[in-house]
Every structure is written in C-alpha cells, then in structure tokens.
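Have a look at the structure below before the remarks.
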Amino acid sequence: MVAFEPRLFAEIDPDERPSLAASLVPVAAMIVFLSVGIVVFDLDPQFPLFWGIAFTGLFVRYRLGFSWDALYDGITDSILMGMRVVLIMFVVYALVSTWIQAGTIPGLMYYGLELLTPEIFLPLTAILAAIVSFAVGSSWTTAGTLGVAFIGIGSGLGIPAPMTAGAILSGAYTGDKQSPLSDTTNLAAAVTNTDLYEHINAMRAGTLVAFGLSVVLYVILGLSASGSIPAGRVGAIQNAIAGSYAVSPLVFVPILVTFGLAIYGVPALPTLGTGVFAGAFTSMAVQGTGFTAAWTAAQSGTAPETGMQLVDGLLESGGLLGGAWIVTIALAALSLGGILERTGMLAVLAHHLGRLSRGVASLTGVTAISAVAMNMLAAEQYISIVVPGMTLRNLYNEQGLKSKNLSRAVEASGTTSAALIPWNSGGLFMAGTLGVSTLSYAPYYFFGFLSPLVLIVMGLTGWQIAYKDGKTGETTPTSEGSVPAAPGED
C-alpha cells in the first residue's frame, strides 16, 4: 500500500490557494510543450516534460510565491511515492531478460504456437491474462511475464502486436480490479473508507460487462485474422527456437516460482526479484549459460541469433539498463505531478470538477473525468485514485450514496486509464515491457475505454447505484438539480 496524503482544497490556506485560472496555466503549458516537442520536433518525451517542470517551477515561484523548498519537497514526495513503481520497472526488465536467457519465454512461445490458432488467440489471451492477474493481484506482473510471451506467440500466428497488447492489457486490468491482492484495489477501498470485499463486489457487474464486450470484440478481430498466417511459418519459428534453446518442462521453473510466491501473497517487488534469480539459475542449469553470462543478460539484455530475424527481434531485450529510458520519463512526469500537488493545483482542479456535479449521473461522470485528469497531470495511477477518492467523499455522502459507489468509480476510471496515457507510469511500463507504443495499442485496449463508459452508463441509468437507505438499481432519487438528505453513515 502506498502511503500518500494529498493536499485537499479545504485544508489549503485561502491565502496560499491558487485560483482555477492559475492552476490551468501549467496544464496548458504542458500540453503545448509535449505537442511541440514530440509532434513537431520528433523528440523523446523527457525534455518536453523537463520544459514543463521548468516553466511550472518558475510560474509558481515568481507568480504564486511558493518557495523553492516547497517545490523540492513536492518533487521529493512524489518520487518517493512512485519509487516502488520505478524499482518494479527495473526489476521487470531484468526478469524478462533472464527468462529469455533461461528459455522460459521461448518455451512458452514454442508450445503456444503449437496449441493456439489465430481465431481463438486474442480472446483466449484476454481470458488467460485476466485469470493470472486475478491470481497474482498485479496487472504489471502479468504483462511483464506472460504478456511478453503472448506478444511472441501472436507475432508467430500473424496477429499484429498492438492487437495482442490490447488483449493482454484488457485481461490484466480486469483481473487486477477484481483481485483482493491488488494494490490499487486495496487503495481504492482504503481512501474511500469502503470495506475491501464490498468494493470488489461493487465492481463485479460493471467489470464483467466491460470485459465481456471486450472479449466479443477480440473474437471478431481474431476471425478477421484467420488465414493470415503464412504456410510453414509456425514450424520455422519453432525450429529456430529449438535450435537455440533447450525446450523442456524445466524452463518453466521461473514461472512456477514467481507465480507461486505471488499467489501466496508475497509483495510484487520481492516476488519479481526472486523471479530474476530463478531465471538466472535456470539459464545456468538448463541452457548451460555461464554465471557471468547469466547475470550480464540480466543487466544488459539479450540479443539472440536464432537464424530467423523475426524470432531474434521478439527475443531481444534491454535488461536492467534498458529500463533507464522508461524510468527517466517516469521520474520527470512524477516531478511535474509533485509540483502540481504540493502547490494545491491538483486539489483546486478536483474541487472545481466536483462543483459541476448536481446529481448521481453528473457526480459519476465528474469522478471518472477527475480520475483520468489526475492520471494525465500527475502521471501516476495512485494519485488518480487518492485525489478524487478523498476530494469527492463528502459529495457522495451528501447525496446519500454508499462509499462503494465512489470506490468503484475511481478504480473503474483511474486504474484502467493509466495504460492509455504515454507519459503515465502505467503507459510507460506497458509500452516498454510489451515493446508496443501506447498510441499503437490504445485502439485495441478495449477494456480501458469500456470500463469508464460502463461506469458512466451506471450513473445515467441508476444501475448498481447503492444508497445509504438501502435502495439500489434506481435512477437518482432526486432531480439532477437537488441533493437528497443523507440518512446516515455508510
């Protein structure tokens, strides 16, 4: 669990509280810098984000009067909050390389190509990813392990990598939302004062609808991909793998160790770290890799020469050092988000969004917009849960709504949308791990769009909306312009 206490609007001294117009200035500047830097000059995101940090720092220092120490503290707190994410990024990059060197990912590709067909691959990928993510409680662990193998299998079957990545993410975030082991699931329940299992139960109906529709769309995509696989391609890929790696059940030891620890409840970082050791030792024991070569692969990555360019590209990895490019973007985005949080700008934006709500439908929509906005501005999905969750609690209470409506709303929109934003830690991790850019996989990450959409439909129709007086599944008890009395605490 991430300990994070954001500055709330009511807690900020009115003399220090920035206006809405002032709070929008850094947001507009960031959009301009990212657009000009990336689109016009074709730069990587690091320095456009750096421009945004510099502009925002100067603006709040000399226009709003905040001290440099306050800005440093905001940056430090934000980076500390995201440090576990940064460490996981580094460890996953090392894990992928050791699992390739050990033959684990090549082995999954070898047998997967034998068992799967283009018609069933995408929907089955989504379903398997959901099952694994639910069991281990982590969408990131699922994408960084089985997800990498699924990308390789899909390429061998002629499925475009962006489609495969979308199916992986849809399944991974579905399972993550429903797992009591998930960080974000526990966080959403905690910041909204909701019982964990009441929160999970509240999410179930909407999650199943969004995921069910996603699977149907993957079935349609899979049918359109049918027949696109060239004759003999699967056999050629399997031969290339078998010619470079010893393929046997022993190569799956790292999977058993890693997922066993995750299911047992060991936190993500030590679990993934153990997976790195398991991969390195398996590569030495099964593939005959030397001790130095095994750990060099973990550090610097893999560059296999199987004799088939497609396989070489799929099994090439960057190792621990390869994570530096992604991590620098994450640190820059977290720094910018830290300044916005410390100066109260995030609280001001969330507060004014909350004022737009006049009933259950608009409150649900405002919650979804707030969560997505925090993901964009703070670049960290934890903030997308914490800030709206704590800022909007009183509004849900005033409208006589149970807290599980809020916990469901922040997770259905905040957790799932993180992977759609290129500079968010979620989008960075998924793009870097799966080797597919965020903008490329986004059109096929159906669950990322459907989950917030189903949430908004719930607000509009009253389906699954729970009130403190026991009423459920109705439209708003009053008109959008009035607020019912709260009959009691949840």
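The values are calculated or read from the model by the stated rules, or taken from the named source; none is laboratory data. Given the structure is predicted, the values throughout are model-derived calculations rather than measurements. Here the Cβ positions follow ideal geometry from the backbone for every residue, glycine too, while neighbour counts run over all protein chains shown. Remember, those area values only see protein heavy atoms, side chains included, never the ligands or the DNA or RNA. Shrake-Rupley method; radii C 1.70, N 1.55, O 1.52, S 1.80 Å.
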*What are the residues in segment 100-116 that are of a type outside the set (A, V, I, L, M, F, W, C), more than 25 Å from the chain's Cα centre (by Cα) and assigned to a helix (DSSP H, G or I), if any?*
101, 106, 107, 110, 111, 112, 114
*Would you confirm whether any residue within segment 48-71 is part of a helix (DSSP H, G or I), within 24 Å of residue 276 (Cα to Cα), at pLDDT below 95 and not hydrophobic (A, V, I, L, M, F, W, C)?*
no
*Subset of segment 39-74 [surrounded by 16 or more Cβ atoms within 10 Å (Cβ to Cβ) and farther than 17 Å from residue 335 by Cα]*: 64
*part of a helix (DSSP H, G or I) and open to solvent by less than 80 Å² (accessible area, probe 1.4 Å) - does that describe any residue in segment 10-19?*
no
_For segment 229-248, check the following and say yes or no: at least one residue is open to solvent by less than 10 Å² (accessible area, probe 1.4 Å), closer than 15 Å to residue 385 by Cβ and in contact with a Gly (Cβ under 8 Å, 6 or more places away or on another chain)._
no
*From (1) in contact with a helix residue (DSSP H, G or I) (Cβ under 9 Å, 6 or more places away or on another chain); (2) part of a helix (DSSP H, G or I); (3) without any contact (Cβ under 8 Å) to a residue 40 or more places away in the chain, pick out the condition that doesn't hold for residue 292.*
(1)
*Qualifying positions in segment 410-467 - of a type outside the set (A, V, I, L, M, F, W, C), open to solvent by less than 10 Å² (accessible area, probe 1.4 Å) and not in a helix (DSSP H, G or I)*: 424, 445, 462, 467
*For residue 170, indicate whether it is under 21 Å from residue 139 (Cα atoms), part of a helix (DSSP H, G or I) and either among the hydroxyl-bearing types (Ser, Thr, Tyr) or open to solvent by less than 60 Å² (accessible area, probe 1.4 Å) (or both).*
yes
*asked:* Contact list please: Cβ distance under 6 Å, first residue in segment 317-339 and closer than 23 Å to residue 69 by Cα and open to solvent by 10 Å² or more (accessible area, probe 1.4 Å), second residue part of a helix (DSSP H, G or I) and of a type in the set (S, T, N, Q), pairs at least six apart or on different chains.
replied: 328/46; 332/46
